[in-house]
1. Just checking, does the range 149-159 include any residue being in a loop (DSSP other than H, G, I, E, B) and in contact (Cβ under 8 Å) with a residue 24 or more places away in the chain?
2. What are the pairs, 6+ residues apart or on separate chains, where a residue within the range 10-24 that is part of a helix (DSSP H, G or I) has its Cβ under 6 Å from a residue that is buried (at least 24 other Cβ atoms within 10 Å of the Cβ) and of a type in the set (Gly, Ala, Ser)?
3. Does the range 187-195 include one or more residues that are under 23 Å from residue 6 (Cα atoms) and either assigned to a helix (DSSP H, G or I) or free of Cβ contacts under 8 Å to residues at least 12 places away in the same chain (or both)?
4. Scanning the range 205-254 for residues that are out of contact with any Leu (no Cβ under 7 Å at 6 or more places or on another chain) and assigned to a strand (DSSP E or B), which turns out surrounded by the fewest Cβ atoms within 10 Å (Cβ to Cβ)?
5. For residues that are among the charged types (D, E, K, R), out of contact with any strand residue (DSSP E or B) (no Cβ under 7 Å at 6 or more places or on another chain) and over 13 Å from residue 379 (Cβ atoms), scanning just the range 409-448, find the one that is surrounded by the fewest Cβ atoms within 10 Å (Cβ to Cβ).
6. Please tell me if residue 281 is in contact (Cβ under 8 Å) with a residue 60 or more places away in the chain, buried (at least 20 other Cβ atoms within 10 Å of the Cβ), outside any loop (DSSP other than H, G, I, E, B) and in the same structural domain as residue 451 (by TED's automatic domain parsing).
7. Report, by residue number, each residue of the range 1-17 that is more than 25 Å from residue 164 (Cβ to Cβ), surrounded by 23 or more Cβ atoms within 10 Å (Cβ to Cβ) and under 11 Å from the mean Cα position of the chain (by Cα).
8. Note down all Cβ pairs under 6 Å where the first residue falls in the range 311-337 and is on the phi > 0 side of the Ramachandran plot, the second is part of a loop (DSSP other than H, G, I, E, B) and hydrophobic (A, V, I, L, M, F, W, C), and they're at least six residues apart or on different chains.
Amino acid sequence: MHIVHLSAECYPAAKAGGLADVVGSLPKYLNQIGLHCEVVIPKYHNPWITEQNFEPVHEGTFKMGAEEVPFSVQRLKDDKLGFPFYVIDIPGKFDRPGIYIDPWSGHGYWDELERFVSFQIASLEWLKVREEQPDLIHCHDHHTGLIPFMTSQCNRYRDMSDIPTVITVHNAEYHGVHDIEKYRLLPAFNIDQLGLLDWDGRLNSLAAGLKCAWKITTVSNNYMSELSESSNGLEMLFQQERPKSTGIVNGIDTEVWDPATDELVEHNFSHRNRKKGKSLNKKFLCEHFDLNPKHPTVAFIGRLVREKGADLLPDLFRQVIYSDQEVNFILLGTGDPQLHQIFTQMEGAHMGYFDATLEYNEKLAHQIYAGSDFIIMPSRVEPCGLNQMFAMRYGTVPIVRAVGGLKDTVKDISEEDGYGITFEDFSLEAASEAISRAVDLYKDSQKYSDVLSRIMKLDFSWKRSAREYEEMYKSLLKK
């Protein structure tokens, strides 16, 4: 079974969020169970991609509106990612340092639609002439949401209309919405089918993918249910398309995320020597941030944006710091410039209790997972969440809002065999109470030790999820 994954991100080549982790892991685990999965992304001008050796496999041109667009497809020479990895080079479109955002201005690129339309057309132009045709095309988020429309409706790709398409919704907050007249960028199709691109009078890439794909998947069961109630305007569409939709919880790459072998942490450890390993890593982490390792240490890792609940963190951290509880807070991430300013001010005001690193730093992220006692995720929206799984793999207890995939993957310690701390409301009071419960757990050394042992034994690998994807693919191919 030959599957081609099309995505804007893939770890370690290009990462802005959890999408990259999934696309960089799922195909590898699918290949391990006997499938033939490949990944195709744009060729960005970033450090990882520019340092690799690629070999050309195809060159061509295509029309995008009135523009003649040249492109080339290149393959990573050694399949060190666990799957054949291809990049599509489109001069003037992706030869920039950022994936979605210009790092110099902090703003999104003005030609977002043109960039990702060109990537999708170039992908189909290549797949159309490949000797080895895919059995199925797997699209990820709105950046590739026009693929199912083009394979089913565009005259140029009529020969591909019987290839099943799947779209996985990693984050329905972003739709890829543009002026409806932008449909002219696409290859010719019957104008009577324009409604498949339209949602609320606008060209909506995600909506088009939902309407036209053979199958819709989301990255957790609970998130699948939530989308019919809250999906930034697509609620009715998710309700209509529910019969062809399913939720499959993400996994993590347990080869990359393994505290026993992780080269990015100071002290490797396993379940067997977890107590000593956590202690040594916490000591190293607290020395790095000039914090007292005797205090429980709570970390936040992620994008500093509204959907992650990052705007709640300043008041939450201050409230706990000003209370009689002694807690360390560590923050790693980038995002809202206003939050950057607030956290920078807090570093000076709360030295010894709070520190922030306002950047993307993969090595430090691994060390924080290894050295923290708790990780907090107060998300407004969390389709699946991977950080809680990374954390538990490294013996760090999750404090999460029971939403989306966090609800599917974290069981509160008040329940039988519970192993995390959850709260329902998105509020300062609820999050503060959750941290108080975490501090109480930390003080109960026996109970905390039991939870630590339990979370490190949990299996969040891709093996189970990969089997679910395989069965879903098989059901589509039978059609």
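The values are calculated or read from the model by the stated rules, or taken from the named source; none is laboratory data. Please read these numbers as outputs of a predicted model, since none were measured by experiment. Heads up, the Cβs are rebuilt from the backbone with ideal geometry, glycines too, and the neighbour counts pull from every protein chain shown.
1. No - not one qualifying residue is present in the range 149-159.
2. If the second residue must be buried (at least 24 other Cβ atoms within 10 Å of the Cβ) and of a type in the set (Gly, Ala, Ser), the pairs left are 23/7.
3. Within the range 187-195 (the criterion being under 23 Å from residue 6 (Cα atoms) and either assigned to a helix (DSSP H, G or I) or free of Cβ contacts under 8 Å to residues at least 12 places away in the same chain (or both)), the answer is no, since none of the residues qualifies.
4. Step by step, filter the range 205-254, then rank; the result is 246.
5. 416
6. yes
7. none
8. 335/305
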